[in-house]
Amino acid sequence: MSPRHNRPRGGETPDERPSSSYDRYGLERTEEYLGEEWKVRHVAGASAAGKRYRCPGCDQEIPSGTPHVVAWPEYGGVDDRRHWHKACWNAKDRRTSKVQRSRNAPRY
């Protein structure tokens, strides 16, 4: 059996990678939103058992264990992170800025 190689295929070094970079949490990339750079990371949702988040795109709850996207301004802190449905993040530029919550939706 041959040994395992922990280097990228194609011969590129970490400095030669595009705007995406690997870290211990997975693939992270930079995107532009609202005129500034945002860090975006896909989350499997399995590690967030028991946690619920509210998507700022549709103002609906993201159930525990659901895969989603975490985005925050490049120079923001932990408090600036927002959890989005993947479809809502992809449609963020096509939505209006005033999302109306239904009357029976929880307010948290």
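Beta carbons closer than 7 Å, at least 6 apart along the sequence or on distinct chains, pair a first residue in the stretch 29-43 that is without any contact (Cβ under 8 Å) to a residue 24 or more places away in the chain with a second that is loosely packed, with under 13 Cβ neighbours inside 10 Å for Arg29/Ser19; Arg29/Ser20. Among the criteria (1) open to solvent by 50 Å² or more (accessible area, probe 1.4 Å); (2) at pLDDT 90 or above; (3) of a type in the set (Lys, Arg), the one Lys98 does not fulfil is (2). Among the residues of the stretch 74-95, those that are over 17 Å from Gln60 (Cβ atoms) and either in contact with a helix residue (DSSP H, G or I) (Cβ under 9 Å, 6 or more places away or on another chain) or modelled with pLDDT of 85 or more (or both) comprise Glu74, Tyr75, Asp79, Asp80, Arg81.
Which one is least open to solvent (accessible area, probe 1.4 Å) among residues in the stretch 9-38 that are at pLDDT 75 or above and under 14 Å from His68 (Cα atoms)?
Filtering the stretch 9-38 down to residues at pLDDT 75 or above leaves 27-38.
Restricting the remaining residues to those that are under 14 Å from His68 (Cα atoms) gives 27-28.
Working: Leu27: 79, Glu28: 23 Å².
By that ranking, first place goes to Glu28.
The values are calculated or read from the model by the stated rules, or taken from the named source; none is laboratory data. The structure presented is a predicted model; accordingly, all values stated were derived computationally and were not measured. Quick reminder, even Gly has a Cβ in these numbers, built from the backbone with ideal geometry, and neighbours come from all protein chains shown. All accessible areas refer to the heavy atoms of the entire protein, side chains included, with ligands and DNA or RNA removed. Shrake-Rupley method; radii C 1.70, N 1.55, O 1.52, S 1.80 Å.
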